[in-house]
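Here is the structure we will look at, set down as structure tokens.
Laboratory data are not the source of any read-out in this text; all were calculated from the coordinates shown. Please read all numbers here as calculations on a predicted model, not as lab measurements. Here Cβ is always computed from backbone atoms with ideal geometry, including for glycine, and neighbour counts include all displayed protein chains.
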């Protein structure tokens, strides 16, 4: 797999990827478990293991289709999938949360919070937003 950024899609529940610096998987770089889609950035000489998922280069991936003005669970690239701005994030389950990072591998944490009912967030161009058991209503 060439180095680059990839969009990773689940094909079954409990999809995941593991990114490591060695073939044995001992020099861990990133791990993500997801039910919809995510992103990963792979460098030269790294190893990407996909479970219940597949990856395509981001330049070949279609932007996220937002139906009924609802942004649901998944990882979004700000400025590509959704616009930068302030949003109200609402829990859809008792174990809801959001994470904002500066990188596709979700390692450069900017903000994280569990959500009881709702929280307000601000996301900037180039950041990544992960929603778990949460949604944003654009209305």
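Once you order the gyration tensor axes a ≥ b ≥ c over the Cα atoms, which shape class does region 4-59 get: rounded for a/c under 1.5, otherwise prolate or oblate by comparing a/b with b/c? Note, shape of region 4-59 comes out oblate. Projected label points at residue 60 and residue 44, each 7 Å from Cα along the beta carbon direction, are separated by 2.2 nanometres. Per-residue Cβ neighbour counts within 10 Å put 19, 50, 131 in the sequence 50, 19, 131, beginning with the fewest. Take each peptide in 29-42, 101-114, count the other Cβ atoms within 10 Å of every residue, and average; sorted highest first, the result is 29-42, 101-114. Applying 0.36 nm per residue to the separation of residue 94 and residue 67 and subtracting their alpha-carbon distance, the gain on full extension is 7.4 nm. Estimated from the Cβ-Cβ distance and a Förster radius of 25 angstrom, the FRET efficiency linking residue 139 and residue 52 is about 0.15.
Placing dummy labels 7 Å off each Cα toward the beta-carbon, the span from residue 112 to residue 1 is 2.2 nm.
Springs join every pair of Cα atoms under 10 Å in this Gaussian network model of the chain, and among 89, 75, 65 the largest mean-square fluctuation is at 65.
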